[in-house]
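No lab work stands behind these numbers, since they all come straight from the coordinates. Not measured: the values here are computed from a predicted model. Cβ coordinates were reconstructed from backbone atoms using ideal geometry, including for glycine residues, and neighbour counts include every protein chain displayed.
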Amino acid sequence: MAHPGIRGEVWQLQPYGHGAAPPADAIRLHANENPLGPSPLAVEAIVKAAADSNRYPDAGCSKLRSALAKMHEIDENCIVVGNGSDELIHLLGLLFLQPGVSAIAADPSFVRYYAAPPLAGATLHRTPLDVDLKHDLDSMAECFDHATRLVFVANPNNPTGTLVGADDLETLLDRLPDPALLVLDEAYFEYVGAPYSRGLDWVREGRNAMVLRTFSKAYGLAGLRIGVGFARPDIIDAINRAREPFNVGSIAQAAALAALQDQEHLAKTRTLNDEGLRTFHAFCAAYGLRHTDSHANFAFIDLGKDARPIAQAIAHKGVLVRAGLGLDNWIRVNTGLPEQNQAFLDALKEHLE
Ligand SMILES: Cc1ncc(COP(=O)(O)O)c(C=O)c1O
């Protein structure tokens, strides 16, 4: 029986990843990780930083924030580093949400947006994506009212990889009620070929927008948990008051700082991903499968039938992908090394007529 002292809202939440860990030799195309691994410069920095593990980390992530401030030409007081962007989403829920107010997120979108509102006893409005599986920003805006506090837009979106343009987002921002914050989650920013976001401009202009980025994807540091938030200094100040003092470990800080210096690794990562997406999309064309216009490091493919048992069968062949992410016929598969992509396609072929 559940402990009677635990808040009832907690039982609306699903635990994450409490099953058995996948086998070590599985081909991992299910978590949108970088198949090349971290930059060698980051690995070197990790080894070096390990020797100082007896020391508490720098609570303010000062070196990393300073490097990010320089890189993005933004004030250091507009930057906070989190234990993954997951932590920053969780903290935004703590700061903005409570019973009587609401958050808005697309459906399907990143699952962590769905956890923060129930945990705070707040209402969550989920607005379906449009026919191209892109954010329907008009229906999001139609949910705006005096109770709106957080509006989450993953751009590119997870699990669809679709992108919304800066002009459309600015219209959404113009319509945002005053006590609300537009959270632009740009976890896959580095994979998008052309400049597409004006999120940091809106932060510099002091608007009600926060940009989230992460070192988990293109920078290949998912295991170290480093996410970054950019927002007005008053918002960052509030997050700093609410967060744990040592939320980002010293090894993670050192790795992220080194990873930022290795733009060559990032370029390699981008090229490999472009090739992978081309391979997946060419396969879809050959087999008549619908897919989204993905700008991230994964493809989202309509198998025309329940994708969940197919994902399970493919997992038995040692290739991990995701299904059941809100659209039952669709499968999400991240790009891997060419031989890993081929292993996925070979396994998938067996399930297509
Ligand atoms: C859109 C989006 N935001 C945030 C995250 C979480 O990133 P992090 O590893 O920085 O917590 C993910 C991870 O899959 C994601 O897809």
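Using mean Cβ contacts within 10 Å as the protection proxy, how do 331-340, 78-87 order, highest first?
78-87, 331-340
Please go through the residue pairs 134/305; 63/134; 70/134; 63/217 and name each one whose alpha carbons sit more than 28 Å apart in this structure.
Long pairs (Cα-Cα over 28 Å): 63/134; 70/134.
Can you give me the relative contact order of region 202-301 as a percent, contacts being Cα pairs under 8 Å and 6 or more apart?
Once normalised by length, the contact order is 19 percent.
So which residue, out of 30, 265, 72, gets the largest mean-square fluctuation from a GNM of the chain using Cα contacts under 10 Å as springs?
It is 72.
If you plug each phi of region 104-114 into the Karplus form 6.51 cos²θ - 1.76 cosθ + 1.60 with θ = phi - 60°, what whole-Hz ³J(HN,Hα) values come out, in order, with x for Gly and Pro?
After applying 6.51 cos²θ - 1.76 cosθ + 1.60, I find 10, 8, 6, 9, x, 8, 5, 4, 5, 5, 8 Hz.
Once amide H atoms are built 1.01 Å from N in the peptide plane, which residues 5 or more positions from residue 319, or in another chain, come under 5 Å H to H?
27
Going by amide H atoms built from the backbone, whose H comes under 5 Å of the H on residue 148, apart from near neighbours?
Correct list: 102.
Mind checking which of 311, 165, 300 is farthest towards the positive end of the chain's charge dipole, using Cβ charges of +1 (Lys, Arg) and -1 (Asp, Glu) about the Cα centre?
Of the options given, the answer is 311.
Magnitude of the Cβ-charge dipole of region 201-265, K/R +1 and D/E -1, about the Cα centre, nearest 20 debye?
So the dipole magnitude of region 201-265 works out to roughly 180 debye.
Sum -39500 (n - 2.57) across every DSSP H segment of at least 4 residues in the chain, then divide by the residue count to get the 222 nm mean residue ellipticity, nearest 500.
One gets -11000 deg cm²/dmol as the mean residue ellipticity at 222 nm.
Once you keep just the Cα pairs under 8 angstrom separated by 6 or more residues, what percentage relative contact order results for region 150-267?
Computed over region 150-267, the figure is 20 percent.
Kirkwood Rh, Cα Rg: Rg to Rh for the chain?
0.96
Output the antiparallel fraction of DSSP beta bridges having both residues in the chain, as a percent to the nearest 5.
For the chain, the DSSP antiparallel bridge percentage is about 45.
Rounded, prolate or oblate: pick one for region 21-98, where a ≥ b ≥ c are the square roots of the eigenvalues of its C-alpha gyration tensor, a/c under 1.5 means rounded, and failing that, prolate if a/b is larger than b/c, else oblate.
oblate
Just subtract the alpha-carbon distance of residue 48 and residue 98 from 0.36 nm times their residue separation and send over the number in nm, one decimal.
Here the segment from residue 48 to residue 98 would lengthen by 13.7 nm.
Could you name the aspartates and glutamates in cross-link range of residue 268, using Cα to Cα under 15 Å and dropping any fewer than eight places away on the same chain?
Excluding near neighbours in sequence, the set is 33, 190.
Ranked by Cβ crowding within 10 angstrom, fewest neighbours first, how are 269, 127, 171 ordered?
Result, fewest neighbours first: 171, 127, 269.
Hey, got the dipole for the chain? About the Cα centre, +1 on K and R Cβ, -1 on D and E Cβ, debye to the nearest 20?
840
Taking the highest mean first, how do the peptides 113-122, 217-226, 62-71 order by number of other beta carbon atoms within 10 angstrom per residue?
In descending order of packing, they fall as 217-226, 113-122, 62-71.
Which residue, 20, 51, 31, has the most motion in a Gaussian network model of the chain that connects Cα atoms within less than 10 Å?
Looking only at 20, 51, 31, the biggest GNM fluctuation is shown by 20.
Report relative contact order for region 40-261 in percent, whole number only (criteria: Cα-Cα under 8 Å, sequence separation at least 6).
29
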